[in-house]
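Notes follow once the structure below has been shown.
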Amino acid sequence: MADQERKTEMESAELKRKKRMKLLVHALAFAIFQTIVILVFSLTVMRIKNPKFRVLSITVEDLQAVTTNPPYFNIKLNAQVAVKNTNFGHFKFQNTTISFDYGGAGVGVGDALVARGRSKARSTKKINVNVELNSNNIPNNSSLQREIESGYLALTCHSKLSGKVQLMKLIKKKKSAEMRCAMLVNLLTKAVQDIKCQ
């Protein structure tokens, strides 16, 4: 009888040991699974990238260009710009200006104001801005007269959009987006063409 009791006690102890091992294996598997989930979450969702800031389209509302001495232009444009936010949190940006320059000379011909705003998570915010460009700052010895006579005017624009990306109302990180675009204004058809942004 004592042998049988000892045998049942040993079987009971063996059963308890197996249960503990099984529980330990389950706890370890759960810990590994949680580590993988946290690692994937931190590498995808928590990775904050710079948003993208681009000119989508520009329409000419009014255009005057003359080749008399001195040559002159005055152009009113409506530009649609986009702030593309690929993050899992929204991007709040501050006021900024888009500076338009004549050709490669870098002579400022006008500025457009982009009001502060917010681009939602993983979306693109489109903004319309108006700008008036004129040749008042372009020196007389430039190639402006030749360009107006050719029917095409080369312009560039550039801007820096600064703000913060906010994730889950806990994490805020400063980010910025830079835009540099080149374009041609067709003076005959009164259209902006060949817009190329970096």
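Computed from the coordinates by the stated procedures, all read-outs in this text should not be read as laboratory data. The model shown is predicted, which means the values in this text are computed figures rather than measured ones. Positions of Cβ are generated from backbone atoms using ideal geometry, with glycine treated the same way; all protein chains shown enter the neighbour counts.
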**Report entry** Cα radius of gyration and Dmax for the range 79-191 (Å)
**Finding:** 17.4, 57
Query raised in the report: By residue number, which cysteines of the chain lack any other Cys whose Cβ falls under 4.7 Å from their Cβ?
Result: 157
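The range 95-169: which trypsin sites (Lys or Arg not before Pro) are DSSP loop and have at most 13 other beta-carbon atoms within 10 angstrom? Mind dumping the intermediate values first?
Values: sites: 116, 118, 120, 122, 125, 126, 146, 160, 164, 169; in loops: 116, 120, 122, 169.
Here the sparse-neighbourhood loop sites are 116, 120, 122, 169.
Per DSSP helix of 4 or more residues, -39500 (n - 2.57); summed, then divided by the residues of the chain. What does that give at 222 nm, rounded to the nearest 500?
Values: 2 runs with 50 residues, N = 198.
Only helices count here, giving -9000 deg cm²/dmol.
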Query raised in the report: Which whole-Hz couplings ³J(HN,Hα) result when phi for each residue of the range 73-85 is put into the Karplus expression 6.51 cos²θ - 1.76 cosθ + 1.60, θ = phi - 60°, listed in order with x for Gly and Pro?
Result: 9, 9, 10, 9, 10, 10, 10, 9, 10, 10, 10, 9, 10
Report task. Normalise the Cα radius of gyration of the range 87-150 by 2.2 N^0.38 Å (N = residues in it) and let me know the number. Result -> 1.59
Report summary line: With N residues in the range 1-83, Rg(alpha-carbon) / (2.2 N^0.38 Å) equals 3.21
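Where the only charges are on Cβ atoms (+1 Lys, Arg; -1 Asp, Glu), what is the dipole of the range 1-75 about its Cα centre, to the nearest 20 debye? Present the calculation step by step, with values, prior to reporting the outcome.
Values: 12 positive and 7 negative charges, 92 e Å.
I would put it at about 440 debye.
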Query raised in the report: How large is log10 I(q)/I(0) at q = 0.24 Å⁻¹ when the Debye formula is applied to the Cα atoms of the range 73-121, each weighted equally and without solvent?
Result: -0.94
Report summary line: What one gets for the range 35-114 as the Kirkwood radius, inverse of mean 1/r over different Cα pairs in Å, is 16.5
Query raised in the report: Angle between the Cα long axis of helix 2-44 and the longest principal axis of the chain, 0 to 90 degrees, nearest 10?
Result: 0
Report summary line: Cα-based Debye curve of the chain sampled at q = 0.08 Å⁻¹ gives log₁₀ I(q)/I(0) of -0.45
Report task. Take the chain, connect every pair of alpha-carbon atoms lying under 10 Å apart with a spring to form a Gaussian network, then pick out the residue of 23, 144, 184 with the largest mean-square fluctuation. Result -> 23
Report task. Scan the range 1-67 for GluC sites (Glu not before Pro) in coil per DSSP, keeping those whose Cβ has at most 11 other Cβ atoms within 10 Å, and list them by number. Result -> none
Query raised in the report: What residues have an amide H closer than 5 Å to that of residue 152, excluding those fewer than 5 places away on the same chain, when H is modeled at 1.01 Å from N in the peptide plane?
Result: 187
